[in-house]
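Worksheet: the structure to be examined is printed underneath.
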Amino acid sequence: MSSTINWNDVIKREARGSNDEDFGEVQDISNGYVFVQKGMINKQKFFIPQEKAKSYDGDILRFSVSRDDAMDAYQGDDFPTSFQNRDQGLNLPQSDPVTIPLVEERLDVKKRVEESQATIIKVPLKETKTIQVEVTHEEVSFETRQPTGDTSTSQEPVRSRQVIEIPLKREEVVVSKTPYIREEVVVKKKPVTETREFTEEIASEQVDAPPAIP
């Protein structure tokens with residue numbers, strides 16, 4: 001029955017013998033023994049083997065030994081280092097220690113590659129440019145001079161207004177636009193390493209030691 005008892009819960013609980021005798025209160029568990037103490041001034045200390053525990057109902061820990069047996073075999077001032085079976089006269093070895101694993105969560109960090117896009121936008125820019133171009137044209141100039149050579153002519157003077165057209169040449173500017181590559185923009189990708197801090201709550205376990213005996 002003692003193997004089914006939660007020993008962490010019996011501390012400071014009432015202890016009783018096989019005949020419902022009052023053993024006092026459970027103080028500590030160690031070396032396979034249950035330390036039970038009765039009284040505050042005239043203290044009676046019993047170190048009863050755990051295997052002698054009969055039952056525990058959440059309030060009272062009951063043993064399969066009587067008060068007389070406890071006073072005869074298990075009364076003392078400190079925990080025994082080994083259990084002596086007084087009925088058979090055998091020295092039994094100390095109980096094997098119980099190993100309790102304490103579990104804690106560990107943060108495992110993994111990195112994954114995610115893709116995004118860097119958007120580059122070309123926008124049209126309009127500006128006004130002024131250029132200077134030399135152009136050439138012909139103009140009419142007048143000059144009078146004395147005739148040279150024979151001055152006789154059969155041509156009669158004009159009797160009315162006469163229009164004489166002289167062709168004149170001039171250069172006209174024709175503007176057209178031709179696209180060309182003015183310059184290039186080179187886009188490069190480079191790795192940038194930064195340190196980021198992540199905070200995460202983890203769970204762990206600990207053992208609550210029983211209270212020290214004053």
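Things to note:
- Count of residues meeting criterion [open to solvent by 60 Å² or more (accessible area, probe 1.4 Å), touching a residue at least 12 places away in the same chain (Cβ under 8 Å) and either under 11 Å from residue 26 (Cβ atoms) or acidic (Asp, Glu) (or both)] in the stretch 39-66: 2
- Residues satisfying the stated conditions in the stretch 124-163, i.e. within 19 Å of residue 174 (Cβ to Cβ), open to solvent by less than 100 Å² (accessible area, probe 1.4 Å) and among the polar types (S, T, N, Q): 136
- Subset of the stretch 17-46 (residues that are of a type in the set (Gly, Ala, Ser), in a loop (DSSP other than H, G, I, E, B) and over 49 Å from the mean Cα position of the chain (by Cα)): 17, 18, 39
The values are calculated or read from the model by the stated rules, or taken from the named source; none is laboratory data. None of these values were measured; they are calculated from a predicted model. Quick reminder, even Gly has a Cβ in these numbers, built from the backbone with ideal geometry, and neighbours come from all protein chains shown. To get the accessible areas, we keep the full protein, side chains included, count just its heavy atoms, and leave off ligands, DNA and RNA. Shrake-Rupley method; radii C 1.70, N 1.55, O 1.52, S 1.80 Å.
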